[in-house]
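The values are calculated or read from the model by the stated rules, or taken from the named source; none is laboratory data. Owing to the predicted nature of the structure, the values given are computational and were not obtained by experimental measurement. Cβ sites come from the backbone with ideal geometry, for glycine too, and all protein chains shown count toward neighbours.
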Amino acid sequence: MFRIVFALQAVVYLLLVPLVKENEILYYNSPILYGVIAIISLICGFSVKSKNVPQSGDAFVTNPLLMPIVAILGILYCYVSFSFDLLNRRIGSEVIAEVYSNLPLWALAVLRVYELFLVPSLILLVFSKNKLTSFQYVVLLFISLVSIPFMGLSDSRGKLLIIVLSFIIFVRMEIIKSAFKSSFTLYVAIILTITAFTYASIDRASQYARSSDFYLSEVVERLDGLALLKDLNDVGIIKTFGNFDFEMFVPLKSKIPFLDEARYLKSIAKTSTKQYYLQDVLDTNKFDSNNSMIVDPIYFGGIPLLIIAFFGLGFLSKKFDIAISKESLFKSRIGTSYLFAFGMSFLLIESDFLGAISSFIQNFLLYYAALFVALRKSDGRSSSPSTMGIFAIRPKSTVATPGQSLAANSSELSL
């Protein structure tokens, strides 16, 4: 599923929307050629053959303590968000950076830990051999939905979409296909998600005088992954073989905890290469712009690095999907940490490429440490992974017919 989700984003952000924007805005010329190169490189990466990894039994299951930990963190998260007036975080990068820098350490820890571990925790709880009760599923769904507005009311659509996509990429394709045939729970989840997304969109649209303004601002502008690249290209900064500007790596220092320079970079909202391009390269006063993973490789190493980067993304995406299809989520803590870190860091193409790499390293270390609490050794007596979770696959009952042995029927999904 990761390949499908990422490829769809690539086509929308790097090709379709830029073409629509050219049609909507007079004299607007988007550097679509770079988007085409990135998409072709991605598809080539998908096509590389990979060794078939044999299936084996799971070594770990979810720790029963994870469920109450998630519930307590969810309550604390809502309390912190409300108490420190963080319900609306679309107030400018520089302003929100200052707000976060003034938060007490415990409050900042609650925010970061919950946002980082919510989706992985949901995935572990839903897909573990240790099946949850119906009441526990309701609690999980309630916590997830209620906490979304507290992640920033004005940005709730994006948060909701990220949670849904982050969950989907860890679901095996055969489970999704079967779920659409017989899982009532899946349709309830889809209806709730669409309802929440529609409500958030209507609320956002009400802030615009005309529907056309909402369409241009929230759809066309929001999904144009070549916007920042166009700004750089228009002033002649984008070169065929790159700039090899090592100053673009300076914002990565903001990711290092307890570093004085990191606190300074956060205070001036220079925490990503996007801000570096806007403030230092383009010399503007802007702190934000539409961005995508295409900008960093092509700015630093030109077309050759762009091809390598997206080819590598395609190859690693395929490896990710193979691991999920082989039910490798509970094989080892290192493997689980890698899958979570890669999925959470590279899921959204609108992230900057260097930021995704740094997030991957950071998240891998954090997930690996957390999994010593979240997972415990399997005793080997639980049901197989294919019979687990909210979309559990259960075999149909079979009846032996004269002259025939008992045959296995097709599996179906049930509540």
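Data for the structure
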| item | result |
| --- | --- |
| Scope the stretch 226-241; condition surrounded by fewer than 19 Cβ atoms within 10 Å (Cβ to Cβ) and without any contact (Cβ under 8 Å) to a residue 60 or more places away in the chain; matching residues | D234, V235, G236 |
| Every residue from the stretch 100-129 that is surrounded by 19 or more Cβ atoms within 10 Å (Cβ to Cβ) and in a loop (DSSP other than H, G, I, E, B) | S128, K129 |
| Residues of the stretch 365-386 satisfying the condition of being modelled with pLDDT under 85 and small (G, A, S) | S378, G380, S382, S383, S384, S386 |
| Residue within the stretch 42-64 that is charged (D, E, K, R), more than 30 Å from I143 (Cβ to Cβ) and surrounded by fewer than 13 Cβ atoms within 10 Å (Cβ to Cβ) present | yes |
| Some residue of the stretch 64-82 being closer than 27 Å to S292 by Cα, assigned to a helix (DSSP H, G or I) and either modelled with pLDDT of 85 or more or among the small types (G, A, S) (or both) | no |
| Some residue of the stretch 322-345 being over 27 Å from R222 (Cα atoms), without any contact (Cβ under 8 Å) to a residue 60 or more places away in the chain and of a type outside the set (G, A, S) | yes |
| Residue check for T273: touching a helix residue (DSSP H, G or I) at 6+ places or on another chain (Cβ under 8 Å), buried (at least 22 other Cβ atoms within 10 Å of the Cβ), of a type outside the set (A, V, I, L, M, F, W, C) and closer than 24 Å to L122 by Cβ | no |
| Within the stretch 304-335, tally of residues that are more than 18 Å from A374 (Cβ to Cβ) and assigned to a loop (DSSP other than H, G, I, E, B) | 1 |
| Test: G314 is of a type in the set (G, A, S) and surrounded by 21 or more Cβ atoms within 10 Å (Cβ to Cβ) | yes |
| Qualifying residue in the stretch 150-166 (condition: buried (at least 19 other Cβ atoms within 10 Å of the Cβ), in contact with a Lys or Arg (Cβ under 9 Å, 6 or more places away or on another chain) and modelled with pLDDT of 75 or more) | yes |
| Unique match (being surrounded by 20 or more Cβ atoms within 10 Å (Cβ to Cβ), at pLDDT below 80 and among the hydrophobic types (A, V, I, L, M, F, W, C)) among L265, L306 | L265 |
| Contacts under 6 angstrom Cβ, first residue in the stretch 242-263 being under 17 Å from L282 (Cβ atoms), partner among the polar types (S, T, N, Q) and not in a helix (DSSP H, G or I), 6 or more apart | P251/T271; P251/S272 |
| Cross-chain or 6+ apart pairs with Cβ under 9 Å, the stretch 347-370 first and free of Cβ contacts under 8 Å to residues at least 40 places away in the same chain, then buried (at least 19 other Cβ atoms within 10 Å of the Cβ) and among the β-branched types (V, I, T) | Y368/T336 |
| Within the stretch 279-296, tally of residues that are buried (at least 24 other Cβ atoms within 10 Å of the Cβ) and either among the small types (G, A, S) or assigned to a helix (DSSP H, G or I) (or both) | 3 |
